[in-house]
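The values are calculated or read from the model by the stated rules, or taken from the named source; none is laboratory data. Since the model is a prediction, treat every value here as computed from it, not as a measurement. Counting neighbours? That spans all protein chains shown, and the Cβs are built from the backbone with ideal geometry, glycine included. Just so you know, the surface numbers come from the protein's heavy atoms only, side chains and all, with ligands and any DNA or RNA stripped out. Shrake-Rupley method; radii C 1.70, N 1.55, O 1.52, S 1.80 Å.
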Amino acid sequence: MSTQASARVAGIYEHPVREAPDTSTPQLHADVAAGALRDAGLTFDDVDGYVTAESPGVLSLADYLGLEGLSYVDSTDIGGASYVAHVGHAAAAIAAGRCDVVLITHAGRPRSIDYDPGHPRRNHPADAPEAGFEDPYGLSFVGLYALAARRHMHEYGTTSEQLAEIRVAASQHAQHNEHAMFQDPVTVADVVDSPLVSDPLHLLDCCVVSDGGGAIVVASSDVASDLSRPCPAVLGSGDAIKHHGGGALDLTDTGAVESGPKAFDDAGVTTDDIDYASIYDSFTITVLEAIEDLGFCEKGEGGEFVEGGTLQAPDGDLPFNTDGGGLCSNHPGNRGGVTKVIEAVRQLRGEANAEVQVPDCEIALAHGTGNSIGTRTGAATLILGADR
Amino acid sequence: MTGERPVPVPPTNPETEPFWDATADGRLLLRSCADCKRVYHYPRRQCPECASTNTDWTEASGRGTVYSYTVTRRASEEYADATPYVLAYVELKEGPRMLTNIVDCDIERVEVDSRVEVVFDDTGSGRALPRFTLRVGD
Ligand SMILES: [Zn+2]
């Protein structure tokens, strides 16, 4: 069923904090919920759907937030892609008449609670069936993405310098974001000369570790029509997961191979129609593979595609992550899906930072890549259209 | 791997215990499906390809090639002091790609497609952790 335009993004809010040592995580949920509802011109009383993937869970957080009369809840957890998926799920629920106003909140404090430069792998319970065959080997998120990068380089000749172009573009955008963790532009040389964390990935190939969060309000078109804010339409969405397959995992592509076409078909648009793209950037390789898998270029040609400023707003062919993304600005709670949607909405409203606002931005894509493309990964693609 | 090489005790369950018991004898087991002939790893009763439960253990040759690898230079928990070490996917001769470490060799010599063979690191708990080392000669 197409989700075409029966639902709209009515409100967004990204917490400005990047380090929150003295704030509880539920408090951050409350901050971002209030912010997104205020942005929409709605109140907590208007909410009849609530979604979060975070611990301690949707029951606990709905209680904390005082949400009552909920007719729709969702706690889908596909890693960092979750909050991109949630918007599509909310739109489908609205289209099915289950609810009218869905509040989606994300928050986390990895920087304050358990910051570790080795980036330990989390959320892997010992009773997971794969635990004995993965945990003893010293896996890390960066290590698993590094395996993908190495294989991509081997098969397609992709270089560290090409991966670095992705960080360079993000840093060019981050200099205009007063809340970005890293606001200084970097060069290709800066990236490839930064310390190797897990080769071939360097420190500057990795996203930030930040506290914070964000929220999104998805509303029915009926509700949205009474609001004073521009409310971009949910034109299409698609989810997928990709896993180990009993030892058949191909490290050179991601779940975007499936989630992308679903979303494009749902929206009735093609890659040529995309004016702006938020593309999940846990690591530079995450972006490169997703660009290929979403069809912006052929498989294996991502390295060439990102050279020469392709990703740099406002003039590049595919302006991406104009907030500075997870690489430079924010990766709250080790999950960046919510900020991917938020920046896409800013672009469609014409509210991105002026230097990076894409002129006449009509159609935007937000794509999430969750958990690890080195083992099991979630994918969610969302296509939004401007409210004009 | 430099210095102390961690040998964490793997979590096991009734479905995977035969795999770990075999490691004590220096044998690497895979699962094989009698219906679709798929050989797979990690082991489980139900074939991930065709959903048949007509599956059984099969002994692997212990030989394969490096599908991908990374030299991990920053790590946490028990591996924090073990850097640099090689995390890899080895593609076994029988087909499956398995996560593992490449050990007992000059890590600078590890490449994609390097030929490797299994070694077993005693966990001290009656089971061993299968890892791989570069294979020389034929
Ligand atoms: Zn089978």
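Quick rundown of the values:
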{"read-out": "Peptide-level mean, for A:125-131, of C-beta atoms on other protein chains within 10 Å", "value": "4"}
{"read-out": "Occluded residues from the stretch B:11-40, i.e. those whose accessible area drops by 30 Å² or more once the chain is not alone (1.4 Å probe)", "value": "B:Pro11, B:Trp20, B:Arg38"}
{"read-out": "Carbon + sulfur, % of accessible area of the stretch A:39-103 - ligands and nucleic acids excluded, 1.4 Å", "value": "46 percent"}
{"read-out": "Reach of A:Lys299 by Cα under 21 Å, taken over lysines that are not fewer than 8 positions away in the same chain", "value": "A:Lys242, A:Lys262"}
{"read-out": "Lysines whose Cα lies under 17 Å from that of B:Lys93, excluding same-chain neighbours fewer than 8 positions away", "value": "B:Lys37"}
{"read-out": "At most 15 other Cβ within 10 Å, DSSP loop - GluC sites (Glu not before Pro), the stretch A:1-70", "value": "A:Glu19, A:Glu68"}
{"read-out": "Chain pair B, A: total accessible area buried, heavy atoms, 1.4 Å probe, Å²", "value": "3300 Å²"}
{"read-out": "Isolated Cys in the protein assembly as shown, by beta carbon distance under 4.7 Å", "value": "A:Cys99, A:Cys206, A:Cys207, A:Cys231, A:Cys297, A:Cys328, A:Cys361, B:Cys105"}
{"read-out": "Solvent-accessible area, 1.4 Å probe, carbon plus sulfur percent, for the stretch A:202-356", "value": "43 percent"}
{"read-out": "Apportionment of accessible area to carbon and sulfur, the stretch B:13-138, percent (1.4 Å)", "value": "39 percent"}
{"read-out": "Sites A:Ala34 and A:Asp273, calculated FRET efficiency, Cβ-Cβ separation with R0 25 Å, nearest 0.05", "value": "0.15"}
{"read-out": "Per residue accessible area of the stretch A:280-388, 1.4 Å probe, in Å²", "value": "24 Å²"}
{"read-out": "Heavy atoms of B:Arg127: accessible area, 1.4 Å probe, square angstrom to 10", "value": "50 Å²"}
{"read-out": "For residues of B:81-91, the mean tally of beta carbons on other chains within 10 Å", "value": "4"}
{"read-out": "Inter-chain shielding of A:240-247 (mean C-beta neighbours from other protein chains, 10 Å cut-off)", "value": "6"}
{"read-out": "Solvent-accessible area lost in complex, 20 Å² minimum, residues of the stretch B:96-110 relative to chain alone, 1.4 Å", "value": "B:Arg97, B:Leu99"}
{"read-out": "Only Lys, Arg (+1) and Asp, Glu (-1) charged, at Cβ; the protein assembly as shown dipole about Cα centre in debye", "value": "960 debye"}
{"read-out": "Residues of chain B: accessible area per residue with a 1.4 Å probe, Å²", "value": "45 Å²"}
